[in-house]
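Notes for the one structure printed next.
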Amino acid sequence: MANVTFPFPFPDHLITLMPEMIVAIMAMFLLLFDVFVAKGSKTTAYLAIATTVAAGVATWSLQGPDPLVAFYGFFVFDSFAVFSKFLIYVATALGMILSLEYMKNEKHIGEYYVLMLFAMLGMMLMVSSNNFVTMYLGLELMALCVYVLVAYQREVLRANEAALKYFILGALSSGMLLYGITFLYGVTGSFDFAVMGEKLAHAEGDATAAVMLGMVFLIAGLGFKVSMAPFHMWTPDAYEGAPTPVTAFMSVAPKVAGFVIFMRIVADLLPALQHEYQSILIGVAVLTIAVGNLAAIAQRNIKRMLAYSTVGHVGFIMMGLIAGSPAGFSGILVYLSIYLVMTMGVFAVIILMRREGIQGELLDDFAGLSKVRPGYALAMGLFMFSMAGIPFLGGFWAKYVVFMAAVEAGHLYLVLYALLFSAVGAFYYLRVVKYIYFDEERVAFNFIESRPMQATVFVTAVTIVFLGLFPDALFELCRQALVGLV
Amino acid sequence: MTPIDMAIQAGIWALEILAIAAPVALSVAYITYFERRIIGWVQVRQGCNRVGPAGLLQPLADGLKLFLKETIIPARANKLLFVGAPLMSLVPALIAFAVVPFGETSLFGIWDTPHVMAISNLNMGLLYVMAISSLSIYGVLMAGWASNSKYPIIGSIRSTCQMISYEIAMGFGLVTVMMLAGSLNLSDIVHAQAGGILHWYMIPLFPMLIVYFISGCAEVGRTPFDLTETEELVSGYHTEYSGMWFATFSLAEYGAMILISLMTSILFLGGWYAPIPALDIIPGTVWLLGKSAFLIFVFIWFRATFPRYRYDQMMRLGWKIFLPWTLGWIFVVGLFIYTPGLDSIIDFWLAWR
Amino acid sequence: MLETAFFYMFGGMSVLSGMGVVLARNTMHSVMFLIFCFFNASGLFFLLDAEFLGIILILIYVGAVMVLFMFVIMMLEVNAAKLREGFLQYLPLGGMIAVVLMIEFIAASSSGVFAESAMGAVTHMGQEVNNTKEIGQILYTRYLLGFEIAAIILLVALIGAVVLTIRERKDAKYQNMSAQVKVRREDRVRKVSM
C-alpha cells in the first residue's frame, strides 16, 4: 500500500517559508483573479499591496532569537534576513503604490503586479540564501521579472531599448556570475557559503589562481546587478526607459538584495581572502564613486541623473563592504534603509508631476515648482538635501556611518576621496533645488491627484527628517540585525 | 578485450543495425503500396494494380524512377545545407529504432534467460526516442531555409511550429506512462504490462493513448495535419527537391510513422504480449508487429477519411486541448497513486509497488 | 584507453565546433556548429555515466532551444559584414581583456586544484545503478527548494513572454469554437416556402 514518506518533517520546515509561500500563492492567485476583474479596476493592485503586508506580518510572527534553517540548509531565516526582507517589502509596496496612477491606462495591468510580487519573491529568497543555489535562482527570478517590468510599456520605443540593453547585459552578468561560481565550486566542492569559506581558508597555495579567478568573476557578476562602475552601463538607459514606478522599484529593491547577498558572501565565504577582495573592491569603489558623481552633472533628465546618483550611492555603500567590519555591515543596512526612503520619495514626486504628453522628467520641468506646490517643492528639496548628505537629514547619517566604519578599518584616504566626490555630488542635487526655488515656471504644471501617493511623499519626507534628528533607533536596529552574521 | 573480440562485437553490431534498417526501408516501400491500395479501396477505386501481380512491384518501379531522376539543386540555394537537410531528417528517424525492443527471445532455448531483442536496451529508452525524434525538425527547417524560396520556408516554419507544439503534448502524455511503469526502459515498460489485455496501459491511460497517437500523427505530418505540404504551398518544404533527395524525405516520414506505431504498441498496447496470456505461444514479435501494422493501417485510414485541419485549428488542438488534457491526466494519475484508499484501484497497473 | 580516446574526441570536437560558432560567417552555420557542440557535450556526459543529463541536453537544447534560435535567425536578416564594422575600433580594448582573461584561465587551470592527481579516482557505476532514479531522488529531496524556484522562474518566463507579445488586433478574425459547437439547426437553416 501507500508507503509515501515525506523526506523532511512537513510542517516544521515549511513554516519557515511561510512569507515566501504567501507571496508565491497570492501571485499565482492574482494571475487568475485578474482575468475576472473589470478593466481599469485596481482590485488586483490593492490585493498585491495587501500581500506584501501579509508577508510582512508572517515574517514578523516567525522571527525569534534563533535563526531557522529549512530545506537541508538551503534556506536560512535569521535576523539579517528579516531586516532585509522588511526593506524589500517596503520597497515593493511603495513601488506598487507609485504604480497605481501611473500604470492605470495600461492594458493587461494585472500581470504587472504579479511580476512585481514574483520579483519580490526572488529577492526574499536571495536574502535568505546561504548558498549559491538558492542565491542564483532567487537572483534570476528577480532579474527576469524586472526585465519584463522595464519593457512593460511595449509601444514606448525607449522602454524596449532599455529592456533589451538591460536583458543582454544582465544575461551576460549572470553568465559571469555562474562562471565564477563554477571555479569556486571546483575548488571547494560545495555550494554552501560557510562550508566553502572553511575550505577556502585551508586551500593550499596552488589553488589561489582558480580561487582568484572565481572571485573576480563573482564580484563582476554581482557588481553588474548592483551597478558598480565599470559594470554600470545599463543603469542610465534602463532607468530612463522603464516606467517611472519600475525605476523607483528597481533602483531600491534589487540593490538591497544584491548588497545583502554581497555581505553574506563577504562574511561567510571570503574572510580568508580579505586582503584580495578588499583591493578589488577599493579599485571598483574609486571608479564607481567618480563615475556616478561626475556623470550625473551632465544629465538633463532627472531619471538619468538619479541613475548616476544611484551609481554614486552604490560606491558609497561599498565602503561598508571594504571596511568588512560589523560597523561597516550595519552601516550598509542603515544606508540602504535611508536610501530606500529618499529614493521612493523622489520618484513619488516625479510621478506626481506626470502630465499629458510631457512627463515631468527633464530638470527644466521642475522650474518654479515652489510657487505652485510649495509642499512638493519642500519635500523634493528635503530629499535632494538628504541625498547630498547635508547634515541633520537622513542621508547625512547614512554616509556618516559608512565613512566612519571605513576610517576605523584604516581606509582614511578612500574616505577623503569619497568626501570630495560627495561634495561634487552635492552640486547636482542642489541644482535641482535651484530649479525648484529660484527659476520661473516655464510650462504649466498639471499634477496627478492621488491620495496614496501624496501620503507616500508626506511619509517619506517626514521619515527623512525624523531619521536625521533621531538616527539612533535605526542604528540599533541595524546592529541587532547583524547578530549571527558577524 | 582483445582486438578480435572487438572486431566480433563490431560485426555483431553491424548485423543488428542491418537487421533493423533493411526491413524498415523495405516496409516503407510497401507501406506506400498499401497506402495507395487502401485509400483506393476506401474511395471505391482500384489503386495501383499495373506493375506486377496486383501492382506489387509498383514500389520498386517508383524507387527506380526516383533513383534515375536528376537531382536539381537551385542556383541560389545554400548547397551544403540543401544536400544535408534530407539526411538530417532521415538519420534521426532511423537511429531512433536502436532502442525499440522487438520482443524477447531465448533463441530456441539456447539462452537460459530471455533476452530483449533491441540493439541497445537503454535505461533511458523512452527519453532517447523523444530526444532523437525531436531532431527530425532540423531536416525540415534546413530544407526550407536552404532552398532559398518562399513556399519552402513557409512550409518549414509551419512544420516546425507544429512539431514543437505536439511534441510537448506527446512528452506529457508519456509522463503518465512513466508514472505507472516506474521506468524509462522500454522493455521494462512492456514487462509492466504483462498478463493480458487488462494490464495494458490503454485501460488506465486511454485518453493518453489518443493524445499520443494523434500527436504522433501531427509530429509526422500526416493527414489531417499535413499542412506543411498543402497545395497552396506547392508541397511545402520539399518544393525544390527532386529525385532521390525527395525520396529521402518520404523515407524519413514513413520511418517516423513506423516508429510512432511501434512506440504506441509498446507503451499502451502491451508491446509483445498477447491480449490473452494463453496466446503467448505465438512469438511476441508477431504480436508487436501485428499491433503496429494495425496502427499503420489507422494512419492510412485517417488519411482516407479526414479533411485537413486549418492552421489555427491545429494549433488550438495542440495547445488548448491536448496540453491541458495531458497535464490533467498527470494530476489525476498522481492523485490516484499517492492518495491512501484510491491507490488500491490503480495498484493493479503499478509495476513498481 | 578507448574511453580516453572518446573523451578527447568529444572534448576536441566540442572545442572546435565552439570556435566554429564564433568564426563561421554564415549565422546558420554558426547555429549548426552550436548544435554539434551540444551533441559532443552530451557525449561527455555519457562518458561520465550521466546518461540522463546527456539525453536531456539533447532533448531540451538541441530539440527545442536551438530550434527557436534557428527560427529567429531565419527571420532576421543578419548582415555579417555590418556586424563586423566596428570590429577594429573595439579590438584593442576587447583584445586586452581577452588576453588578460586567457592568462588567468591558463593560470587557474594549470594550478594544482584541477590536476589529475587532485581528482578522486572515478570508477564506473554498475549497470544496476539507475542514474535517472538517483537524480530524481536528490532533486526531490535535497535540492527541492531550488527545483521549486526553478519552476516559478519558468512560470515568470511564460508570463513575461505573453505580456511582451500579446496584442489585440482589431482586424483579425477569431473562431468561437463553443458557439459553433452549440449551434442548432434552427439558428442556421431557414425553411423558405417557394
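Where a number appears in this text, it was derived from the coordinates with a stated rule and is not lab data. Everything numeric in this text was worked out from a predicted model, so none of it was measured. Here Cβ is always computed from backbone atoms with ideal geometry, including for glycine, and neighbour counts include all displayed protein chains.
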I'd like the distance between the alpha-carbon centres of region A:98-124 and region B:213-259, rounded to an integer number of Å. 45 Å
Give me the one-decimal Kirkwood hydrodynamic radius in Å for region A:128-265, with the sum taken over alpha-carbon pairs. 15.7 Å
Under the Karplus relation 6.51 cos²θ - 1.76 cosθ + 1.60, θ = phi - 60°, what is the ordered set of whole-Hz ³J(HN,Hα) values for region B:222-232, x standing for Gly and Pro? 8, 4, x, 10, 8, 5, 6, 10, 6, 5, 5
Residue A:465 to residue A:420: FRET efficiency via 1/(1 + (r/R0)^6), r the Cβ-Cβ distance, R0 30 Å, to the nearest 0.05? 0.65
Rg followed by Dmax, in Å, when region A:238-320 is reduced to its Cα trace: 14.5, 45
In nm², the average projected area of the convex hull spanned by the Cα atoms of region C:1-80 is 5.1 nm²
Of the residues B:235, B:283, A:14, the Cα lying farthest along the dipole of the protein assembly as shown towards its positive end, which is defined by charges on the beta carbon of Lys, Arg, Asp and Glu, belongs to B:235
Using a cut-off of 12 Å between beta-carbons, work out the net charge of the residues near residue B:272 (Lys and Arg +1, Asp and Glu -1, residue B:272 not included). -1
The summed charge of the residue C:160 Cβ neighbourhood (under 14 Å; Lys/Arg +1, Asp/Glu -1) stands at -1
Could you run the Debye sum over the Cα atoms of chain B, one equal point scatterer each and no solvent, and tell me log10 of I(q)/I(0) at q = 0.10 Å⁻¹, two decimals? -0.67
From zero outward in steps of 5 Å, how is the percent of C-alpha pairs of region B:182-329 spread across the bins? 2, 9, 15, 18, 18, 14, 10, 7, 4, 2, 0
Stokes-Einstein, Kirkwood over Cα pairs, region A:40-81, 20 °C, 1.002 mPa s; D in µm²/s equals 176 µm²/s
Roughly what angle does helix B:150-181 make with the longest principal axis of chain B, taking Cα atoms, 0 to 90 degrees, to the nearest 10? 10 degrees
For chain A, report the convex hull volume of the alpha-carbon atoms normalised per residue, in Å³, without decimals. 146 Å³
The farthest towards the positive end of the charge dipole of the protein assembly as shown, of the residues A:56, A:289, A:160, given +1 on Cβ of Lys and Arg and -1 on Cβ of Asp and Glu, is A:160
Normalised contact order of chain B, rounded percent, pairs of Cα under 8 Å and 6 or more residues apart: 21 percent
Given +1 on the Cβ of Lys and Arg, -1 on the Cβ of Asp and Glu, and no further charges, what dipole in debye does region A:273-486 carry about its Cα centre, rounded to the nearest 20? 280 debye
Could you tell me how many cubic angstrom of Cα convex hull volume region A:62-144 has per residue? 92 Å³
For chain C, the charge dipole (Cβ of Lys, Arg +1; Cβ of Asp, Glu -1; about the Cα centre) points to a positive end, and the Cα of C:30, C:124, C:1 closest to that extreme belongs to C:30
Connecting every pair of Cα atoms under 10 Å apart in chain B and solving the GNM, the largest mean-square fluctuation among B:307, B:152, B:59 falls on B:307
Could you size up the charge dipole of the protein assembly as shown around its Cα centre, putting +1 on the beta carbon of Lys and Arg and -1 on that of Asp and Glu, and report it in debye to the nearest 20? 3640 debye
Using Cα centres only, tell me the gap between region A:222-256 and region B:1-53 in whole Å. 62 Å
So if we plug the beta-carbon distance of residue C:15 and residue C:124 into 1/(1 + (r/R0)^6) with R0 = 25 Å, what FRET efficiency do we get, rounded to 0.05? 0.50
Hydrodynamic radius of region A:211-369 per Kirkwood, over alpha carbon pairs, in Å: 16.2 Å
May I ask you to order B:272-283, A:84-95, B:90-101 by the average number of other C-beta atoms within 10 Å around their residues, highest value first? A:84-95, B:90-101, B:272-283
What's log10 of I(q)/I(0) for chain C at q = 0.19 Å⁻¹, Debye sum over Cα points only, no solvent? -1.43
How much of the calculated P(r) for region B:70-213 lies past 20 Å, in percent of all Cα pairs? 60 percent
Diagonalise the Cα gyration tensor of region A:336-431 and give the resulting equivalent ellipsoid semi-axes, square root of 5 times each eigenvalue, largest first, whole Å. 31, 13, 11
Which cross-chain or sequence-distant (5 or more) residues have an amide H under 5 Å from the amide H of residue A:362, H modelled 1.01 Å from N in plane? A:302
Cross-chain or 8 or more residues apart, Cα under 14 Å: how many lysine pairs in chain A fit that? Count them up, please. 8
Average partner chain C-beta neighbours within 10 Å, per residue of C:138-146? 6
Principal axis dimensions, region A:273-486 - Cα atoms, whole angstrom, descending: 57, 34, 25
Taking a temperature of 10 °C and a viscosity of 1.306 mPa s, what whole-number D in µm²/s does Stokes-Einstein yield for the protein assembly as shown with Rh from Kirkwood over alpha carbon pairs? 49 µm²/s
Plugging the Cβ-Cβ distance of residue B:51 and residue C:68 into 1/(1 + (r/R0)^6) at R0 = 51 Å yields, to the nearest 0.05, a FRET efficiency of 0.70
Which residues does a label at residue A:66 reach in region A:443-486, if reach means a backbone N under 18 Å from a point 7 Å past the Cα toward the Cβ? A:483-485
Which of the three applies to region B:31-137, rounded, prolate or oblate, going by the alpha-carbon gyration tensor with a ≥ b ≥ c and a/c under 1.5 meaning rounded? oblate
